[in-house]
1. Can you spot a residue in the stretch 17-29 that is open to solvent by less than 90 Å² (accessible area, probe 1.4 Å) and within 14 Å of residue 68 (Cα to Cα)?
2. What do you reckon, is residue 13 loosely packed, with under 10 Cβ neighbours inside 10 Å, polar (S, T, N, Q) and in contact with a strand residue (DSSP E or B) (Cβ under 9 Å, 6 or more places away or on another chain)?
3. Note down all Cβ pairs under 6 Å where the first residue falls in the stretch 17-43 and is in contact (Cβ under 8 Å) with a residue 24 or more places away in the chain, the second is part of a loop (DSSP other than H, G, I, E, B) and of a type in the set (Phe, Trp, Tyr), and they're at least six residues apart or on different chains.
4. Are there any pairs, at least 6 apart or on different chains, whose C-beta atoms fall under 8 Å, with the first in the stretch 44-58 and among the hydrophobic types (A, V, I, L, M, F, W, C) and the second part of a helix (DSSP H, G or I), and if so, which?
5. Pick out the one residue from 57, 26, 51 that is aromatic (Phe, Trp, Tyr) and touching a Lys or Arg at 6+ places or on another chain (Cβ under 6 Å).
6. What number of residues within the stretch 30-54 are in a strand (DSSP E or B) and within 12 Å of the chain's Cα centre (by Cα)?
Amino acid sequence: MQLYKVLDADRCSMHGGSYVWTPGKWAPKVGPLDPCVRGYHLCRRDDLIYWLGPTIWTAEGRGTSVAVEGAEG
């Protein structure tokens, strides 16, 4: 499944956190996961309308994930 990450124009997180994303580099591991509190927000295509921002990047996830249905900002 294709995933997406919404960032500002400087590749910083838009919806919580201040991490600056670097294309091709994995972000640090975080945990324990808590949806919409701790973790990285990666969107499915149908979720993007709720998470729009200046830039949208294709993304990959690895490790543990938690899918949240109907997760609206």
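The values are calculated or read from the model by the stated rules, or taken from the named source; none is laboratory data. Everything quoted here is computed from the prediction, not taken from an experiment. Cβ placement follows ideal geometry from the backbone for every residue including glycine, while neighbour counts extend to all protein chains displayed. What goes into the accessible areas is simple: the full protein's heavy atoms, side chains included, and nothing from ligands, DNA or RNA. Shrake-Rupley method; radii C 1.70, N 1.55, O 1.52, S 1.80 Å.
1. No, that holds for no residue.
2. On the way: loosely packed, with under 10 Cβ neighbours inside 10 Å: no; polar (S, T, N, Q): yes; in contact with a strand residue (DSSP E or B) (Cβ under 9 Å, 6 or more places away or on another chain): yes.
In short, no.
3. Matching pairs, first to second residue: 43/51.
4. Correct list of pairs: 56/48.
5. Numbers: 26 fails: touching a Lys or Arg at 6+ places or on another chain (Cβ under 6 Å); 51 fails: touching a Lys or Arg at 6+ places or on another chain (Cβ under 6 Å).
Sole residue among the options that is aromatic (Phe, Trp, Tyr) and touching a Lys or Arg at 6+ places or on another chain (Cβ under 6 Å): 57.
6. The first filter runs over the stretch 30-54 and keeps only residues in a strand (DSSP E or B), leaving 34, 38, 43.
Keeping just the survivors that are within 12 Å of the chain's Cα centre (by Cα) gives 38, 43.
So the count comes out to 2.
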